[in-house]
Every structure is written in C-alpha cells, then in structure tokens.
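Nothing in this text is a laboratory measurement; each read-out follows from the coordinates by a stated rule. What you are looking at is a predicted structure, and each value in this text was computed from that prediction instead of being measured. Neighbour counts run over all protein chains shown; Cβ positions are idealised from the backbone, glycine included.
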Amino acid sequence: MMEFIDLKAQQRHIRAAVDTRIRAVLDHGRYVMGPEVGELESRLGRYVGAPHAVSVASGTDALLIALMALGIGPGDEVITTAFTFVATAEVIALLGATPVFVDIERETYLMDASLVDEVITPRTRAIIAVDLFGQCADYQAIGLLAEKHGLAVIEDAAQSFGAKLGGARACSFGRIACTSFFPAKPLGCYGDGGACFTADDDLARVMRELRNHGQSAQYQYDRVGVNGRLDTLQAAVLLAKLEVFDAEFRLRQEVAERYSGLLPEGVCKPVVRVGRESAWAQYTIEVEDRDRVREALAQEGIPSVIYYPRPLHQHLPYLNETALPVSEAASEKVLSLPMHPYLEAADQERVARVIEQFF
C-alpha cells in the first residue's frame, strides 16, 4: 500500500546522521535541555530570520506559551479561523479566553483578512492567523488591521515551516510565530516538538521561563508556567533533518507541480498566491462526491485524508451560530492526497489515473 507520508523513505537518507546525533546525546546524558537544544534554537532562528527561537514540547505548547506570554486570559477574545486543527482554538479556550472565528478565502483556505475588522470588539486582544497546508496567510493585510486596533498577531505556522511570503520565511511574521515538529510536518521529529519565534527580547525571555515551569532561575518562580521543554533527543533528530531540509523542500515543489499537471479537469487544485512559496505540508484538492472518490482510491491501495471534515465552530466546545459558509463548504469537498518529498512519479500517476477514471 502506498504511504500517505513516507517517513521510512526519508529515514533511509538520514539514518546515519540521526544515529550519530542520538549517540552523542546518549553519551553525554543530558536528556533535558542538553546542548543540542541550544544548537537547534540557534539554527532555527537563523534559518527563518528571527532573533529568538524558543523550542518547546509541541506545536500546541508553542501556541499556548505564546498566548500566555502575551497575557491572554479570561474575558479576552482572540480572532482566528475555524478551518484548522483544534489546537489553534483549544489553547485560547484553555486560558479562559474566547475564540472568535472568521471565514477563509475560497481558493487558499487561509484567513480572509477582509472579514477581521467587523468582528473586533473592545475585548479583542490578538489574532491567530493559520498558515494552512503550507502557505502563509496575508500578514501584510492582517498586520495593518492589528496595528490599527492595537492587537498582537500570532502566526500559526504549524504547517508552513520553510514557506515564503514576499521573500521572508514562515515563522518570521507577527509578534510571535509558532510551529510544530510533529512527525508529519515538513520539518518533523520522531515524537512531539515545536518552537516559538519572536524579535522581542522580553517576550523571548518570558517564553523561556514559561516553558520551564515559570522559572527565571533554578527554584525561582516568577510566573505560572508549564512543563513545555523540548527533549534533547528530539532536538538531535531535528538537527539531522535540518541538513536535508532544503533539498526536501525542493522535492516537495516538484511533487506538487507534478500533481497539478497530472490531475484531470473536474478537480479543484491548490492555489498558491503570487509572491508566496508553499511548504506543501499537504496537497489538498476539492472534488464532488468526495467519499466515493476516497473509496475508489482506497480500493487501489491509495490513502487519503480529510483536513478537516468539520470546522471548529461546529464542535461542542466551540459551538456557536457564526455563519462561515466558505469553511463549511470546503469541509464537505476537501481531500488530501499522498504528499512527501520521496513520492515517486509512478505513484502520482496511479493516483491521477484513479481520479481520472472516476470522473
């Protein structure tokens, strides 16, 4: 059966480097906040162009710590989208704040910046824009709105590490940017992991304290924090993967271009706006009769995934009567196809052939 994301193929290319990095950790034995963590943070910051990179235990922790650093709490409102993974809204609710959802752009599934102004209230404190499927949101438009109303912007770059917008890399937008190193991400470790990025010295210091139980020094607690540190072993894996990341990023572009050339009419293919470069965390199409298309693929041993079958405003913890027609329509048609740097052309031809036969 074809793999949806083939981590084994990737590992064959980097196994020696991963083994060397892991052995180094086993030899020095500093499994929590070991030297690889600091090395990784330095390299991540340089790569994305952010003065500060703060590694954390997961992408969810990255979002949570970002909000905590900004002082978001009960009574506050945070604007975001409902067409995303639950963590984006979950962390807002965990802090006692209220997620306020706006709809998405029809072609990109990204936050529709033109709708943000109308939902801003005196209680609005921040905007979390989501870089969905690998493409950056419109941070120029969102940033202008935030500046006008005195709001903080958080970039949820869980799916866009490596992407570009106007020449700048993902994770360099907003007051704080957050990413995930979940194994399926463009840059993923072998467990959970994440990072926060900022140009603000004070916010960086606060986030470093928050990820370590609020400690400013050993057993000196200046704020309520969490246990949100990245394991040294995961940092070691990420350092090995960074060595091949640019090459894999280019391969992702080739795979995406090949899909776009192979897939038949009747399929709504991904749109990347001018001036942007996607990390292609997923290759997501829209089709009528999605369930039947998915069944036809499955019969040929081809996996597919639905990101996302229901927008967040239709789930019990976040339920409200907000009308999000674009998000709701997309959730009924989107289908993500196998996508990874080592996907063979022959496999993509198989995928296209099944979809073409269906239409």
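When only alpha carbons are used to place a centre, segment 314-359 and segment 47-98 end up 26 Å from one another.
Length available on full extension from Tyr219 to Ala168: 0.36 nm per residue minus the Cα-Cα distance, which gives 14.4 nm.
For segment 306-318, putting each phi into the Karplus relation 6.51 cos²θ - 1.76 cosθ + 1.60 with θ = phi - 60° gives couplings of 9, 10, 9, x, 9, x, 5, 6, 9, 9, 3, x, 10 Hz, in residue order, rounded to whole numbers and with x for Gly and Pro. Of the Cα atoms belonging to segment 210-357, the radius of gyration and Dmax stand at 20.7, 65 Å. Beta-bridge orientation, the chain: approximately 60 percent antiparallel, per DSSP, counting only bridges with both partners inside.
Where in segment 269-300 is the amide nitrogen less than 17 Å from a point lying 7 Å along the Cα-to-Cβ axis of Gln140? Residues 272-278 fall inside that zone. Fully extending the segment from Arg250 to Val274, taken as 0.36 nm per residue of separation minus the present Cα-Cα distance, adds 6.9 nm. Ordering Trp280, Pro317, Pro270 by Cα displacement along the dipole of segment 261-330 toward the positive end leaves Trp280 in first place; charges were set at the Cβ atoms of Lys, Arg (+1) and Asp, Glu (-1). Of the chymotrypsin sites (Phe, Trp or Tyr not before Pro) found in segment 1-88, those in coil by DSSP whose Cβ has at most 16 other Cβ atoms within 10 Å are Tyr31.
For Val153, the residues 5 or more places off, or on other chains, whose built amide H falls under 5 Å of its own are Ile127, Arg175, Ile176.
Pairs of lysine residues in the chain that meet both criteria, 8 or more places apart or on different chains and Cα atoms under 24 Å apart, total 9.
Building the convex hull from the alpha-carbon atoms of the chain and averaging its projection over directions returns 17.9 nm².
In nm, what is the difference between 0.36 nm times the number of residues separating Asn320 and His13 and their Cα-Cα distance?
Gain on extension, Asn320 to His13, equals 105.8 nm.
In order along segment 125-135, the Karplus-derived 3J(HN,Hα) couplings, from 6.51 cos²θ - 1.76 cosθ + 1.60 at θ = phi - 60°, round to 10, 7, 10, 9, 9, 10, 8, 7, 6, x, 10 Hz, and Gly and Pro are given as x.
For segment 120-241, the dipole from Cβ point charges (+1 on Lys and Arg, -1 on Asp and Glu) about the Cα centre works out to 60 debye, to the nearest 20. The convex hull built on the alpha-carbon positions of segment 230-299 has an orientation-averaged projected area of 7.5 nm².
Out of every Cα-Cα pair that segment 126-268 contains, those further apart than 26 angstrom amount to 37 percent.
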